Amino acid sequence: MSSIFWNFAGLPIIYTWNSFYVLKINPCLPPRCGVYLCILVLITYYLWDVANSQKNRFQMQLRGSFQPRPWYVFPQLPWGTLKKPISIRTSNGNRLLVSGAFGIFKTRKIHYLMDILFALEWGIAAGAQNFLPYLHVIFFASLILRRGFRDDERYAKKYRRDWERYCHLVPYLFIPFVW
């Protein structure tokens, strides 16, 4: 019962908190901060979208259900589809993607990191006068980190030796070349 309550009451408050904070407090950031933040958000969005697109389209290519979308359909960012994806075949017949964003950054959950950065950028946009705008990033990071660890454990059990091989090729879980 508490999970249902949380989903209907808690999550909407956490996810909209910064909007209400900005509306009420009206923080004034220097214009250059706004420009830097916009650039950072665009870079984060690009990396998030490309990593997710590559992963999802790779899976569709394997199933034979991939259909290229017309150029005018949003979002359609460059390098969202890998022409010749590199993967390792597992003993149970599945394939694990080791090229594209996952191969470049050597990070298994690069898209999760981008999700956390979105939340942090939204906190930064609200200013630094209070810790309240950062509640969302703290809450969200705890959820997404837990999910990443849980996914990693599940895949380690599912793929066993193949997962070890995959982790050797894509060694970092969240932060490229660090962790």
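Considering the alpha-carbon set of the range 6-116 alone, what are its Rg and its Dmax in angstrom?
Taking only Cα atoms of the range 6-116, I get Rg and Dmax of 18.6, 56 Å.
At 1.4 Å probe radius, can you tell me the per residue accessible area of the range 6-65 in Å²? Write out the running numbers ahead of the final one.
Numbers: 4060 Å² over 60 residues.
Roughly 68 Å² per residue, with all protein chains present.
Which value results when the Cα radius of gyration for the range 82-168 is divided by 2.2 N^0.38 Å?
1.39
What dipole magnitude, in Debye to the nearest 20, does the chain give about its Cα centre under +1 on Lys/Arg Cβ and -1 on Asp/Glu Cβ?
Dipole of the chain, to the nearest 20 debye: 820 debye.
Once fully extended, how much extra length lies between Ile86 and Gln61, figured as 0.36 nm per residue of separation less the alpha-carbon to alpha-carbon distance?
7.8 nm
Nothing charged except the Cβ atoms of Lys and Arg (+1) and of Asp and Glu (-1): what's the magnitude of the dipole of the range 55-100 about its Cα centre? Round to the nearest 20 debye. Could you put the intermediate results ahead of the total?
Working: 8 positive and 0 negative charges, 18 e Å.
So the dipole magnitude of the range 55-100 works out to roughly 80 debye.
For labels at Ala156 and Ile4 in the simple 7 Å Cα→Cβ model, what's the distance in nm?
For the pair Ala156/Ile4, the computed spacing is 3.6 nm.
Take the solvent-accessible surface of the protein heavy atoms, probe 1.4 Å, and return the percent of it on the range 64-134 that carbon and sulfur atoms account for.
65 percent
Restricting things to alpha carbons, tell me how big the range 124-165 is in terms of Rg and Dmax, in Å.
16.5, 49
Once the dipole of the chain is set up with Lys and Arg at +1 and Asp and Glu at -1 on Cβ about the Cα centre, which of Gly127, Val170, Ile116 lies farthest towards its positive end?
Val170
Express the accessible area of the range 79-152 per residue in Å², computed with a 1.4 Å probe while the remaining protein chains stay in the model.
With the other protein chains kept in place, the range 79-152 gives 51 Å² per residue.
Can you give me the angle between helix 11-25 and the longest principal axis of the chain, using Cα atoms only, in degrees from 0 to 90, rounded to the nearest 10?
Roughly 40 degrees between the two axes.
Considering amide H positions built from the backbone, and no H for Pro or chain starts, which residues 5 or more places from Ser87, or on another chain, come under 5 Å of its amide H?
The answer is Val98.
Name the residue farthest towards the positive end of the dipole of the range 1-139 from the options Ser91, Pro12, Leu47, assuming +1 on Cβ of Lys and Arg, -1 on Cβ of Asp and Glu, about the Cα centre.
Ser91
The values are calculated or read from the model by the stated rules, or taken from the named source; none is laboratory data. Since the structure is predicted, the reported quantities are computational estimates derived from the model, not experimental observations. Glycine also receives a Cβ, built like all others from the backbone with ideal geometry; neighbour counts cover every protein chain displayed. The accessibility values were calculated without ligands, DNA or RNA, using every heavy atom of the protein model including side chains. Shrake-Rupley method; radii C 1.70, N 1.55, O 1.52, S 1.80 Å.
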